[in-house]
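Input: a single structure, listed below in structure tokens.
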Amino acid sequence: MSERESMDYDVVVVGAGPAGLATAIRLKQRAAERNQELSVCVLEKAGEVGAHILSGAVLDPKALTELIPDWQAQGAPVTVAVTEDQFLFLNENSARHTPAWALPSCFKNEGNYIVRLGLLTKWLGEYAENLGVDIFPGFAAAQIHYDAQGAVAGVITGDMGVARDGSHTANYQPGMLLLGKYTVFAEGSRGHLGRQLIEHFKLDTDRNAQSYGIGLKELWEIPAEQAQPGLVMHTAGWPLDKDTYGGAFLYHLDQNLVAVGLVVGLDYANPWLSPFEEFQRFKTHPHLRRILEGGKRIAYGARSLTAGGLLALPKTVFPGGLMVGCEAGFLNASRIKGSHAALKTGMLAADAIADALAAGRAHDSLDAYPEAFRNSWLYEELHQARNFKQWFKKGRTVGTLMTGIEQLVLRGKFPWSLKQTQPDYASLKPAADCTPIAYPAPDGKLTFDRLSSVYLSNTHHDEDEPVHLTLKDASVPVRINLPTYAGPEARYCPAAVYEFITDDAGTEQLQINAQNCIHCKTCDIKDPTQNIVWVPPQGGEGPVYNGM
């Protein structure tokens with residue numbers, strides 16, 4: 001039996017996304033200011049920094065400027081300034097433009113940039129390494145390590161070389177124990193360890209139920225005459241029905257590239273709905289077709305996003321650690337932005353940690369972090385938007401009207417905060433109570449199937465490792481989900497991981513094609529029986545996004 005090795009750091013950061021890297025960078029900056037040594041490591045489950053990053057994305061550079069004031073001179077890949085905003089309400093065949101005077105400020109992007117967040121994240125990783133941060137890509141944090149007093153004291157990375165039956169192969173290597181005086185959790189939306197921490201420390205007590213969405217995105221190269229670098233387009237309405245939360249985007253980058261995507265709230269009710277198919281259908285709208293037609297799809301991916309906002313934000317600190325970015329849910333859904341919030345929370349967390357370490361503290365609760373957040377511009381921004389998702393729980397008509405009143409007329413000063421106690425998975429209705437949705441077959445030019453899409457995500461998993469999409473009870477999918485909800489797993493997954501098949505004996509069963517998983521976490525969130533639990537596969541696996 002191999003012995004588990006351990007390494008000691010002042011701070012261990014789980015996740016090399018914008019929030020985790022901002023934490024690490026700011027920690028090193030603070031140490032330099034004090035002329036002190038501070039050891040910081042960042043674990044990243046992807047094979048390289050940025051490989052699992054997927055976002056729209058329009059970046060508000062405010063937090064980046066606070067973190068790295070000379071980011072332009074340093075060569076940050078943030079170069080496409082927003083030149084025009086469009087917000088359209090779609091029906092099946094037409095698009096109605098919203099005049100600029102009727103747009104709340106949350107939908108305006110003057111001074112912002114269209115970015116490929118994966119490329120920016122990779123650049124931040126290089127910046128952090130130049131400051132002396134140890135970054136370990138290809139290592140998934142699989143377990144939380146607690147000390148004798150019950151405080152978080154680090155994490156254990158996943159074992160490598162474990163066969164599907166649980167036996168150890170010739171390549172077996174036990175995971176390492178990374179010990180830290182403080183541990184920062186920055187896994188992104190629906191983090192595997194973050195979910196455990198929220199439950200273990202009861203961090204969501206008296207908070208609104210968290211709300212999620214799935215964002216699906218493609219990167220296209222289009223004919224030069226159809227490109228408008230700097231144009232930001234958002235849409236509402238078709239193809240989603242009036243009771244389903246969501247919206248779409250199309251962002252014009254440079255080099256004749258456009259990012260196109262759809263976000264669907266995971267509180268949708270109809271189990272026949274397929275977010276993937278709705279996204280494909282969206283691209284057939286005449287207004288989108290004229291932009292994409294003649295172009296080539298070059299990348300695909302999907303990721304959950306944590307959209308409940310300030311009212312669903314869990315307590316972010318606990319003995320020995322804290323949560324930053326989308327791990328906790330700092331996304332501003334009204335602005336369709338989260339990267340600036342991720343960067344800012346990482347900086348605030350780092351300041352609290354640096355001060356605690358300078359005072360000789362360790363493994364206690366960093367209450368200065370939520371206090372600093374409460375006094376920041378980010379809190380003010382999220383407070384103004386606190387009811388946004390709650391209004392849309394009441395349908396598109398009410399959501400649009402009340403968001404307009406709250407944001408445009410009252411400037412976010414609505415006198416009440418809306419309560420929401422129902423989790424997303426509980427919103428799914430029995431299939432017999434809903435209308436099936438007939439989706440058109442893909443044409444292979446503008447619309448595509450799941451498997452060809454997964455191919456573009458460059459996803460890889462070892463065929464012989466344990467299935468990382470685990471079931472609490474293997475009988476539930478066929479016993480409950482299939483007869484009651486018509487097997488929604490096969491539709492809400494954007495990567496063809498789940499399919500119901502009939503074996504030679506005529507028995508129906510759920511087949512899990514774990515090798516297709518693009519780590520979006522939708523199944524972990526939307527499964528109506530909460531029977532599916534996503535756990536990390538071997539480090540270095542999953543999608544390899546090309547600057548998504």
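The values are calculated or read from the model by the stated rules, or taken from the named source; none is laboratory data. Just so we're clear, the structure is a prediction, and the values are computed from it rather than from any experiment. When we count neighbours, we look across all protein chains shown, and the Cβ atoms used for this are built from the backbone with ideal geometry, even at glycine. Side chains are part of the model used for accessible areas, which takes the heavy atoms of the whole protein and leaves out ligands, DNA and RNA. Shrake-Rupley method; radii C 1.70, N 1.55, O 1.52, S 1.80 Å.
Odds and ends about this structure:
- Shape of region 432-548, Cα gyration tensor, a/c cut at 1.5: oblate
- Inverse mean reciprocal Cα-Cα distance (Kirkwood Rh) of region 222-342, Å: 16.4 Å
- Accessible area per residue, Å², the chain with all protein chains present, probe 1.4 Å: 40 Å²
- Region 286-364-region 452-529 distance, computed between alpha-carbon centres (Å): 27 Å
- Taking each residue as 0.36 nm, the span from VAL535 to GLU221 lengthens on full extension beyond its C-alpha to C-alpha distance by 109.6 nm.
- Here the contact order of the chain, divided by its residue count and restricted to Cα pairs under 8 Å and six or more residues apart, works out to 21 percent.
- Sequence-distant residues sharing a close amide H with ALA153 (under 5 Å, placed H): HIS145, TYR146, ASP147
- Amide H within-cut-off set for PHE318, under 5 Å, with H built and near neighbours excluded: LEU366
- The apolar share of the surface of the chain, taken as the fraction of accessible area on carbon and sulfur atoms (1.4 Å probe, ligands and nucleic acids excluded), comes to 50 percent.
- Over the residues of the chain, the helix contribution to mean residue ellipticity at 222 nm works out to -6500 deg cm²/dmol, using -39500 (n - 2.57) for each DSSP H run of at least 4.
- Ranking ILE336, ILE156 from most to least accessible surface, computed with a 1.4 Å probe over the protein chains only, gives ILE336, ILE156.
- In this Cβ point-charge picture (+1 for Lys and Arg, -1 for Asp and Glu), region 92-196 has a dipole of about 340 debye about its Cα centre.
- Evaluating 6.51 cos²θ - 1.76 cosθ + 1.60 at θ = phi - 60° for every residue in region 366-382, the Karplus couplings come out as 8, 5, 5, 5, x, 5, 5, 4, 4, 9, 9, 5, 5, 4, 4, 5, 6 Hz, glycine and proline recorded as x.
- Integer Hz, Karplus 6.51/-1.76/1.60 couplings in order for region 67-82, x for Gly and Pro: 6, 9, x, 9, 4, 5, 5, 7, x, 4, x, 10, 10, 9, 6, 5
- The phi torsions of region 476-492, fed into the Karplus equation with coefficients 6.51, -1.76 and 1.60 and a -60° offset, translate into couplings of 4, x, 7, 6, 10, 5, 5, x, 8, 10, 6, x, x, 3, 6, 10, 6 Hz, rounded to whole numbers, with Gly and Pro shown as x.
- Amide H within-cut-off set for ALA486, under 5 Å, with H built and near neighbours excluded: ALA431
- Here region 163-215 and region 217-264 have alpha carbon centers that stand 32 Å from each other.
- Area accessible to solvent at MET176, 1.4 Å probe radius, in Å²: 40 Å²
- This model, with +1 at the C-beta of Lys and Arg and -1 at the C-beta of Asp and Glu, gives the chain a dipole about its Cα centre of some 1860 debye.
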